[in-house]
Amino acid sequence: VKAIVQEVLKNSKSQSQYMDNQLQAGYDGGFFIRTPNKAFDLTINGYLQFRYSYAGAEGQKPYTNYNTSGFNFRRARLILSGNVFKNFIYCISGDFQTGISGATVGNNNAFAILDTWAGYKFSPAVVVRAGSMLVPFTHVEYFSSGTEFPDFAVAEAPFDPVRSDAIDLEGQIIPHTFNYEIQMNNGSTSQDNGNVGPGGHFGNRPAVYGRINFAGAGRISDFNDSPDLEWHKHLVWLIGAAAGYESQNPFASFTPGSTTAPAGIGTLNGNLTRFTIDAHAKYRGFAFNSAVYAQNIDSAPGTSLIGTGHSSLFETGYYVEGGYFLVPHK
């Protein structure tokens, strides 16, 4: 009997080691299934944001009666990401958001595709991707995959292209300190021939965007969260800048950056040029974020803004926000 027991234990240990060499599972920034050498990896993430919101409109008619309120899932996301044969990378994500009409993601109880792309990592400095992804312009979109303040600053909304179908080149020139991203895409998602929502399919508005980030102290990844969740003992800061250009879209219905054309303004469907610069800092529970935006939108050739006689619209915006953890990390 003793010999049989020893043989069973020996065989069990051998089989366990064999399985460990084939597959691993656990939690590391997300639930994962991977091979020991990480050549094949699948990470599963998800999060939700449930809230009650009230919006009161002010101004001249007809906007005075546009107050809205209610409960909604602002975000309810499932994210699958990882790599195949080590250097082939991928991400598949979607949202079950059930927000009020006009929300920037989801489609009222329908599952909407968000960041869904595949790519190849030649080196840390050269990564190529293709698919539906965030446009590298506003820094606030980096917070959408981390922890954020209660909501994005309202001032960034007219300048944020959000997502689009794209080909993307990115990389780290100085690891963790200086990176870049250059992208060719279909243009602002809210402007794609009435196709409001993530993806920007068939936008007929060819565009190019580029962004750089420089962390003068700390790491770039320290700023994937809006607050100072880590409670940095030493000051860390980052500055970023971005620019974008979208060519004329003769089929566009609304002004880029908005889902409805303001009454009396008319349709602006010409070329769009935009710039931004932002700065961020964190220290012992304090977090500060700021940005300045500027963009110029042209009307279609031979047309002008209704009631103005002007052929272009120049807009600026900015925000400054801060937060503090009363209890570190909590």
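The values are calculated or read from the model by the stated rules, or taken from the named source; none is laboratory data. For clarity, every value in this text was computed on a predicted model and none was experimentally measured. Ideal geometry is used to build each Cβ from the backbone, glycine not excepted, and the neighbour counts take in all protein chains shown. Surface accessibility is based on the protein's heavy atoms, side chains included, excluding ligands, DNA and RNA. Shrake-Rupley method; radii C 1.70, N 1.55, O 1.52, S 1.80 Å.
Each row is one residue, and each column tells you yes or no for (1) in contact (Cβ under 8 Å) with a residue 24 or more places away in the chain; (2) among the aromatic types (Phe, Trp, Tyr); (3) part of a loop (DSSP other than H, G, I, E, B).
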position	(1), (2), (3)
TYR120	yes, yes, no
VAL127	yes, no, no
GLY131	yes, no, no
PHE137	yes, yes, yes
GLY146	yes, no, yes
HIS176	yes, no, yes
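If I ask for residues that are assigned to a helix (DSSP H, G or I) and under 12 Å from ALA281 (Cβ atoms), which ones from the range 212-235 would you list?
ASP222, PHE223
Please go through the range 13-58 and pick out each residue that is modelled with pLDDT of 85 or more, open to solvent by 90 Å² or more (accessible area, probe 1.4 Å) and more than 28 Å from LEU114 (Cβ to Cβ).
Hit for the range 13-58 is ASN37, nothing else.
Here's a check for you: in the range 94-113, which residue that is within 30 Å of GLU230 (Cα to Cα) and in contact with a Gly (Cβ under 6 Å, 6 or more places away or on another chain) is modelled with the highest pLDDT?
Within the range 94-113, the match that is modelled with the highest pLDDT is ASP95.
When the range 273-326 is examined, which residues are found to be at pLDDT 90 or above, outside any strand (DSSP E or B) and either open to solvent by 60 Å² or more (accessible area, probe 1.4 Å) or in contact with a helix residue (DSSP H, G or I) (Cβ under 8 Å, 6 or more places away or on another chain) (or both)?
The answer is ARG284, LEU326.
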